[in-house]
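Since the structure comes first, as structure tokens, the remarks are kept for the end.
None of the figures in this text is laboratory data; all of them are computed from the coordinates on show. Nothing here was measured: the structure is a model prediction, and the numbers come from that model. Every residue, glycine among them, receives a Cβ derived from its backbone with ideal geometry; neighbour counts consider all protein chains shown.
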Amino acid sequence: MAVAYRAARVFDGTSEGVIEDGAVVVEDGRIASVGPARGLPPNTVDLGDATLMPGLVDAHVHLVWDASAEPHEVVERESHALTVLRCAKNAALHLRAGVTTVRDVGSADGLAVEIGRAVELGILSGPRVVAAGRAIAMTGGHGWFLGREADGPDAVRRAAREEIKAGASCIKLMASGGVYGHAEEPGSPQLTVEEMRPAVEEAHKAGRKAAAHAYSVEAINNALEAGVDSVEHGSFLDRETVGRMREQGTYLVPTMSVYAAMAEKGPGLGSPEYITRKTAEVLEAGGEAFRLALEAGVPVAAGTDCGAPGHPHGTLPEELRLMVEAGATPQQALRFGTSAAAELLGLGDEVGALEPGKRADLLAVAGDPTLDIRALREVRLVLRDGVDL
Ligand SMILES: [Zn+2]
């Protein structure tokens with residue numbers, strides 16, 4: 001049976017403007033129509049002075065992490081069962097914030113793949129999960145505790161194949177050091193071009209995307225040479241590399257909110273000194289990298305890296321606010337957090353925009369986020385596949 005949702009404004013996730021006094025009709029979990037509120041069925045839900053838009057898409061999360069000072073150590077200490085329950089809680093936090101799809105780019109033992117299955121089976125109320133399973137790092141490389149270690153082209157190829165076999169719907173590669181490890185710097189290159197290329201090949205052969213964690217120009221260029229679909233973080237991007245990303249159509253997922261959160265809350269949480277120092281380094285550079293990418297017209301998808309210290313799940317609205325603060329228009333930021341992110345996840349035909357035939361992932365917020373992005377904080381309604389979970 002068709003149900004109509006009427007609101008003062010409808011933002012479809014791709015356009016510049018909004019439809020004033022609009023409605024979205026939902027039937028069998030999909031969108032039947034989008035347009036002005038005319039000739040609506042009797043069972044219309046009137047949302048009043050709200051904006052109806054596509055559910056948000058967070059392209060970079062870690063469901064196993066709890067946003068504590070050293071989340072990877074919590075996972076190491078606690079039982080598997082407890083970690084699984086924590087993932088379920090984190091998934092629910094996303095949904096409550098209007099995030100109806102997440103991409104998990106690294107989980108201990110590939111747990112996020114199972115969380116995605118649980119959501120699909122209706123066992124768990126959460127966002128749809130595109131999961132990388134275990135991230136692939138060189139021995140001792142960044143975030144090995146969120147994944148697996150592999151060295152040499154053959155081993156990295158095999159690792160990618162094994163993750164796909166285990167149910168991964170994307171592949172995550174660690175192209176540089178990062179903020180969390182004791183004995184690494186964000187800029188130091190890790191997996192080589194020769195190692196990443198076969199993993200990217202395997203991902204593409206299986207119709208999946210490959211994402212690379214990379215901070216420095218050297219590491220980003222290695223990842224671009226290997227053919228990845230997105231650069232995660234990319235904080236030290238320069239003009240030349242930005243040009244190359246635009247040419248190749250490679251997405252940037254800037255994750256600015258994680259550094260802002262860690263800088264603000266890390267020391268109070270008791271994060272170790274090495275995390276505080278490295279956070280300060282990438283925080284400033286990251287804003288500049290985002291501006292360069294924006295100017296050059298590099299495709300951008302919004303992702304939070306939530307679960308990291310001081311950065312709880314369901315914080316995509318904060319990432320979008322920071323994008324606006326750094327120079328994006330609210331409409332751009334909203335696209336980065338809906339249609340553009342869906343495109344990067346390979347779900348552009350299914351979610352991220354309000355169009356007939358797409359899945360009915362709807363978010364209604366009070367006020368008008370195309371004028372003031374902070375309106376995203378006041379959630380009125382969230383539907384995934386047409387269901388109020
Ligand atoms: Zn991450």
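The peptide list 320-326, 149-155, put in order of mean Cβ contacts within 10 Å with the highest first, becomes 320-326, 149-155.
Farthest toward the positive end of the dipole of the chain, out of 207, 156, 138, is the Cα of 207, where the dipole comes from beta carbon charges about the Cα centre. Is the shape of segment 322-389 rounded, prolate or oblate, going by the alpha carbon gyration tensor and its root eigenvalues a ≥ b ≥ c, with a/c under 1.5 for rounded and a/b larger than b/c for prolate? Judged from the Cα gyration tensor, segment 322-389 comes out oblate (a/c at least 1.5, b/c at or above a/b).
If you sort the three axes of the alpha carbon gyration tensor as a ≥ b ≥ c, you get a/c of 1.5 or more for the chain and a/b above b/c, which makes it prolate. Across segment 162-249, the relative contact order, built from alpha-carbon pairs under 8 Å that are at least six residues apart, equals 27 percent. Between residue 28 and residue 154, the modelled label-to-label distance comes to 5.0 nm, taking each label 7 Å out from Cα in the direction of the beta carbon. For segment 242-363, the dipole from Cβ point charges (+1 on Lys and Arg, -1 on Asp and Glu) about the Cα centre works out to 40 debye, to the nearest 20.
Taking the Cα centre as origin and putting +1 on Lys and Arg beta-carbons and -1 on Asp and Glu beta-carbons, what dipole magnitude results for segment 314-389, to the nearest 20 debye?
Numbers: 8 positive and 13 negative charges, 23 e Å.
For this selection, approximately 100 debye.
Sort segment 164-247 into rounded, prolate or oblate with this rule: let a ≥ b ≥ c be the square roots of the eigenvalues of the Cα gyration tensor; rounded if a/c is under 1.5, and if a/c is not under 1.5, prolate when a/b is larger than b/c, oblate otherwise. Working shown, then result.
Numbers: a/c = 2.09, a/b = 1.32, b/c = 1.59.
Note, shape of segment 164-247 comes out oblate.
Expected output is a single nm value to one decimal: the length gained when fully extending between residue 183 and residue 288, i.e. 0.36 nm times separation in residues minus the C-alpha distance. What is it?
35.2 nm
Structure remark: mean-square fluctuation, Gaussian network model of the chain, C-alpha springs under 10 Å; the largest value among 113, 102, 351 belongs to 113. In this label model, residue 295 and residue 165 are separated by 4.8 nm, measuring between points 7 Å along each Cα→Cβ vector. The simple Förster model, with R0 at 30 Å and r as the Cβ-Cβ distance, assigns residue 378 and residue 43 a FRET efficiency of 0.75. Annotation: peptides 302-312, 232-242, ranked by per-residue average of other Cβ atoms within 10 Å with the highest first, follow the order 302-312, 232-242.
Potential lengthening of the chain between residue 274 and residue 73 amounts to 70.8 nm, from the contour at 0.36 nm per residue minus the alpha-carbon distance.
Of all complete DSSP H helices in the chain, those with a Cα span along the helix axis of 30 Å or greater and a mean Kyte-Doolittle hydropathy of -1.0 or more are 273-296.
Determine the dipole magnitude for the chain: charges of +1 sit on the beta-carbon of Lys and Arg, -1 on that of Asp and Glu, nothing else is charged, the reference point is the Cα centre, and the result goes in debye to the nearest 20. Please list the in-between numbers first.
Numbers: 37 positive and 56 negative charges, 146 e Å.
That gives a dipole near 700 debye.
Site pair residue 194 and residue 139 shows an inter-label distance of 1.6 nm when each label is modelled 7 Å from Cα along Cα→Cβ.
Among 49, 104, the ranking by other beta carbons within 10 Å of each residue's beta carbon, starting with the fewest, stands as 49, 104.
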